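The values are calculated or read from the model by the stated rules, or taken from the named source; none is laboratory data. No experiment lies behind these values; they were computed from the predicted model shown. Glycine gets a Cβ as well: all are built from the backbone with ideal geometry, and neighbour counts include every protein chain shown.
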Amino acid sequence: MTPADHHRAVAGRFTDVVDGVTDWSAPTPVPEWSTRAVVGHLVEWLPALLASDDVLLPPGPSVADDPAAAWHHHAAAVQTLLDADDAARPFTHQHLGTRPLDEAIDRFYTGDVFLHTWDLARASGQDDRLDPATCAEMLAGMEPIEELMRSSGQYGPSVPVPDDADVQDRLLGFIGRDPSWRP
C-alpha cells in the first residue's frame, strides 16, 4: 500500500469516528485530553513538523470552533499532499533526517492517526476495533525501540494486559493505554 493509500484508509476511518462524536468535551483514554483535544493534536502537530522544511498545509477551520470541520479540512490537505506528483520529494527534519516526504508522513503521522482512532472511538462510544494486521505490524516495529519511545515522553508507561490479550489490546497496553478504559 502506498503512503497515499494508507493515509486515505486510516484517515477515512478516523473521519468516520469524528463524524460520530456528539460530545467534544468528553474525556478520552489520554489523560487530560478531551475528544476535541485528540482532534486538535492531530490537526496541529503535523503542519508544524512539515513547516520546518517549508512544506505548508493550508490553514483551515479552528478546532476550538468546529473540530469536525477542522479535521475534514486537515485530512483533505494531507491527502492532497500525498496524492501530488512530487509527494516523494526529499523532506528534511533535524530529528528525523532526510527521507521522502510521503514516507515521513506515513511513518510518523498516519500511525498516530491510526492509534488515536481508538482513543476517539472509545471516548465517544463508537466501534473501537482497529485493524489487527496493522496493530501487529506496529507492535512489532515498536517493541525493539521501546526505550527510545518511552524516553521521548510521547508514550506513557506500558499498561499490563493478560497474556492471552488480542493484538489490539497488547498494542494499546504497550503505548500506555488501558484497553479496558471506559468514559
The one condition in (1) free of Cβ contacts under 8 Å to residues at least 60 places away in the same chain; (2) under 17 Å from Ala48 (Cβ atoms); (3) surrounded by fewer than 18 Cβ atoms within 10 Å (Cβ to Cβ); (4) in the same structural domain as Pro31 (by TED's automatic domain parsing) that Leu101 fails to fulfil: (3)
Pair list, Cβ < 6 Å and 6+ apart or interchain, from the range 29-45 residues that are closer than 16 Å to Gly125 by Cα to residues that are charged (D, E, K, R) and at pLDDT 95 or above: Pro29/Asp119; Pro29/Arg122; Val30/Asp119; Val38/Asp119
Residue in the range 44-55 that is small (Gly, Ala, Ser) and either more than 20 Å from Thr110 (Cβ to Cβ) or in a loop (DSSP other than H, G, I, E, B) (or both) present: yes
Hey, Ala69 surrounded by fewer than 16 Cβ atoms within 10 Å (Cβ to Cβ), in contact with a Gly (Cβ under 8 Å, 6 or more places away or on another chain) and at pLDDT 95 or above or not: yes
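Going through the range 65-88 one residue at a time, which ones are in a loop (DSSP other than H, G, I, E, B) and touching an Asp or Glu at 6+ places or on another chain (Cβ under 8 Å)? Before the answer, list the steps.
Taking the range 65-88 as the starting set, the residues that turn out to be in a loop (DSSP other than H, G, I, E, B) are 65-66, 84-88.
Matches in the range 65-88: Ala87, Ala88.
Evaluate the range 87-98: report whether one residue or more is more than 15 Å from Thr15 (Cα to Cα), among the basic types (Lys, Arg) and in contact with a helix residue (DSSP H, G or I) (Cβ under 6 Å, 6 or more places away or on another chain).
The initial filter retains those residues of the range 87-98 that are more than 15 Å from Thr15 (Cα to Cα), namely 87-98.
Pick out the ones that are also among the basic types (Lys, Arg) and you get 89.
Narrowing further to those that are in contact with a helix residue (DSSP H, G or I) (Cβ under 6 Å, 6 or more places away or on another chain): 89.
Checked the range 87-98: at least one residue is more than 15 Å from Thr15 (Cα to Cα), among the basic types (Lys, Arg) and in contact with a helix residue (DSSP H, G or I) (Cβ under 6 Å, 6 or more places away or on another chain).
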First in the range 146-159 and surrounded by 10 or more Cβ atoms within 10 Å (Cβ to Cβ), second anywhere and not in a loop (DSSP other than H, G, I, E, B), Cβ under 6 Å, 6 or more apart: Tyr155/Met149; Ser158/Gly173; Ser158/Phe174; Val159/Gly173
Residues being loosely packed, with under 15 Cβ neighbours inside 10 Å and at pLDDT below 95 - total across the range 15-43: 2
Test: residue in the range 89-101 that is modelled with pLDDT of 95 or more, assigned to a loop (DSSP other than H, G, I, E, B) and under 16 Å from Ala4 (Cα atoms): yes
Enumeration of residues in the range 9-29 that are farther than 24 Å from Ala77 by Cβ and of a type outside the set (Ser, Thr, Tyr): Asp23, Ala26, Pro27, Pro29
In the range 123-161, the residues that are within 16 Å of the chain's Cα centre (by Cα), part of a helix (DSSP H, G or I) and among the acidic types (Asp, Glu): Glu137
Failed item, numbered, when Ser124 is tested on (1) touching a residue at least 60 places away in the same chain (Cβ under 8 Å); (2) exposed (fewer than 15 other Cβ atoms within 10 Å of the Cβ); (3) polar (S, T, N, Q): (2)
